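The block underneath contains the structure these notes are about, expressed in structure tokens.
The values are calculated or read from the model by the stated rules, or taken from the named source; none is laboratory data. Note that this is a predicted model, so its numbers are computed, not measured. Here Cβ is always computed from backbone atoms with ideal geometry, including for glycine, and neighbour counts include all displayed protein chains.
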Amino acid sequence: MNKFKWPLMAALLAVLMAASVVYAQVLPKNPVDWLIAKRITNSGTSTLAGIVTTGSDVTVGGDLAVTGDLTSGAVNVIGEVLTIAGQNFVYDTLGVTETLNVTGTTTLAGATSASSLELSDNLTMTGAIIANTVTATDVTTVDDVTAGDDLIVTDDATIGGDLVANTATITGTAQAADVTATDDLVVGDDATIGGLLTLTPATLITVTEAMTTFAATGAIQPIAAASAVGIDDLGTPATGSLMILVNTGAQTVTISETASIVSAGNVAVGAGDTAVYAYVGTKWYQIGPLGNN
């Protein structure tokens, strides 16, 4: 039996050596050129230079940097930065405690939560976005977008749910179920509103003869006076501003026609009356008749 043992082992060893040569030619020379795994868990910082594909979750206690594509289940980064240079396809939840920076197209089926969300390409979401600051070229979601601070979209924003932001700047077309901006909403292209446009009335201004500067704080500006008064200055807001004066008091406030207020003579805004002005260039223009109520 022993006379067959050594030739058999030698033949088996030769087969294994030949297979290893072929396998080495198939695999990439750099072991981090790609990675396929069921789950990635690391308590420190991870840097992956190629494509990352996992069947389950990626959890990194520090920073995660992927210079290629990322396809995964849930991604949880407890560190400061998640940087992905390629395409990003996450089919569950993406959670980053600080900055998410993606230079390729991002497709997410779950929710995205990050302090700062920066994308140089497109963002397609079927879940919600919750971030402090959102910056992207195109934003498309079927759920909500909530930015605790600024939302900056340099092209179109199509949001199937609600948009809530402190300041929203969209240079393309904006579509959303509800838009709530606690500060400024800037749309560089078209804004289509299918429902009611709700403007919050500003704080009441009590007009007096001694008033030297009138500064409206909202598009709907309530005014009142203790006695009949007249003013000849409505302030100097940004050009394009629209102001609706609503006299909620019992006394008449007369808006005098001046070099900076263009109207059909002096406008006496009595109790319950309204007057609408638009600021173009350096002048206020009355754009409708007095609402004599």
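The residue that is nearest to Pro289 (Cα to Cα), among those in the range 242-267 that are of a type in the set (Gly, Ala, Ser) and surrounded by fewer than 16 Cβ atoms within 10 Å (Cβ to Cβ), is Ala264.
What residue, of Val229, Val187, Val207, is at pLDDT below 95, crowded, with 16+ Cβ neighbours inside 10 Å and not charged (D, E, K, R)?
Numbers: Val229 fails: at pLDDT below 95; Val207 fails: at pLDDT below 95.
Criteria check complete, one pass: Val187.
Looking only at the range 153-184, which residues are outside any loop (DSSP other than H, G, I, E, B) and surrounded by fewer than 15 Cβ atoms within 10 Å (Cβ to Cβ)?
Taking the range 153-184 as the starting set, the residues that turn out to be outside any loop (DSSP other than H, G, I, E, B) are 153, 157-159, 162-170, 174-175, 178-181.
The answer is Asp178, Thr180.
Could you list all residues from the range 268-293 that are in contact with an Asp or Glu (Cβ under 7 Å, 6 or more places away or on another chain) and surrounded by fewer than 13 Cβ atoms within 10 Å (Cβ to Cβ)? Once the filter is applied, which keeps residues that are in contact with an Asp or Glu (Cβ under 7 Å, 6 or more places away or on another chain) and surrounded by fewer than 13 Cβ atoms within 10 Å (Cβ to Cβ), the range 268-293 yields Asn292, Asn293.
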